[in-house]
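Some notes on the structure that comes next.
Throughout, read-outs are computed from the coordinates displayed, never taken from laboratory work. For clarity, every value in this text was computed on a predicted model and none was experimentally measured. No Cβ is skipped: glycine too gets one built from the backbone with ideal geometry, and neighbour counts run over all protein chains shown.
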Amino acid sequence: MHWKTILMKTHLTFFAAFGLATFTASAVEYEADIFPIFKSKCSKCHMEGSSKGGLALDLDGITKEIGSSKAIVPGNTEKSDIFEKVSLPDDDGDKMPPEGKGTPMSAGEIAKLKEWIESGAQVGSEKPEMTDTEEKSGDLPKRPDPIDGNWTNTSGKTIKATLVRVDGDKAILRMNGKDFPYPISNLNPDSRKIINEFADAWKKASP
């Protein structure tokens with residue numbers, strides 16, 4: 001058996017024992033992956049000259065909608081109004097697109113939108129437009145660097161992985177280029193403390 005096959009099986013067994021669900025990470029690009037979704041589901045109200053509610057999602061103007069306190073907050077889906085509204089139940093009156101104005105985004109499309117926002121909401125090589133506050137705040141705290149560590153769960157099992165971010169109640173641990181979401185409540189007190197401190201530092205540095 002090839003050594004790479006052996007190594008892969010070992011990693012899968014190790015993560016299964018620790019209780020981590022594996023998935024394949026994929027890079028989401030705005031023009032290739034997100035813009036077609038907006039064009040298909042949001043164009044009647046927010047594209048081609050229409051900007052209902054002050055929101056325009058055209059390719060040449062999307063950066064104006066990205067930034068602190070805007071419709072799309074890089075790295076934070078909870079504060080991104082557009083993500084919140086496309087994720088609402090179908091019977092919610094605030095769901096976008098509204099009934100009769102388009103077909104709701106599929107679960108896969110919403111997942112792509114989430115990944116794009118959480119990875120920084122980049123549009124090509126352009127940077128999102130900064131607010132006056134952001135431009136003047138050169139001394140804002142930096143987001144913490146990823147942490148390489150040994151993480152132990154409540155059953156006493158430990159893995160070595162890199163903490164890259166915290167998503168709600170889950171720590172995103174990276175190993176061999178793949179990200180694994182793991183419930184923070186399932187980790188022992190020492191691991192939880194490090195992760196919670198990391199999350200607090202991230203929030204202070206977030207717009």
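Can you bin the range 162-207 into rounded, prolate or oblate? Criterion: square roots of the alpha carbon gyration tensor eigenvalues sorted a ≥ b ≥ c, rounded for a/c under 1.5, prolate for a/b above b/c, oblate for the rest. Don't skip to the answer; put the middle values down first.
Working: a/c = 1.88, a/b = 1.15, b/c = 1.63.
Oblate, because a/c is 1.5 or more while a/b does not exceed b/c.
Rounded, prolate or oblate: which fits the range 30-123 when a ≥ b ≥ c are the square roots of the eigenvalues of the alpha-carbon gyration tensor, with rounded for a/c under 1.5 and prolate only if a/b beats b/c?
Rounded, since a/c falls under 1.5.
If you stretched the chain out fully between Glu99 and Glu31, how much longer would it get, using 0.36 nm times the residue separation minus the C-alpha to C-alpha distance?
Working: separation 68, 0.36 × 68 = 24.48 nm, distance 2.61 nm.
Separation in residues times 0.36 nm, less the Cα-Cα distance, equals 21.9 nm.
Go through Gly67, Pro89, Ala121 and say which Cα lies farthest out towards the positive end of the charge dipole of the range 30-123; charges sit on Cβ, +1 for Lys and Arg, -1 for Asp and Glu.
It is Gly67, whose Cα lies furthest towards the positive end.
Would you please put 168-176, 90-98 in order of how densely packed they are, using the mean number of other Cβ atoms within 10 angstrom per residue and starting with the highest? Show your work: numbers first, answer last.
Values: 168-176: 16.2, 90-98: 12.8.
Highest to lowest by the protection proxy: 168-176, 90-98.
Mind sorting Glu115, Glu78 by how few other Cβ atoms lie within 10 Å of their own Cβ, fewest first?
Values: Glu115 16, Glu78 10.
Sorted ascending by nearby Cβ count, the order is Glu78, Glu115.
Could you please rank Ser191, Ser185, Ser80, Ser119, placing first whichever residue has the fewest other Cβ atoms within 10 Å of its Cβ? Working shown, then result.
On the way: Ser191 21, Ser185 10, Ser80 24, Ser119 15.
Going from sparsest to densest Cβ surroundings: Ser185, Ser119, Ser191, Ser80.
Can you give the relative contact order of the range 44-119 as a percent, counting alpha carbon pairs under 8 Å and 6+ residues apart? Could the numbers behind the result be given before it?
Numbers: 81 pairs, mean separation 17.1, N = 76.
Normalised by residue count, the contact order of the range 44-119 is 22 percent.
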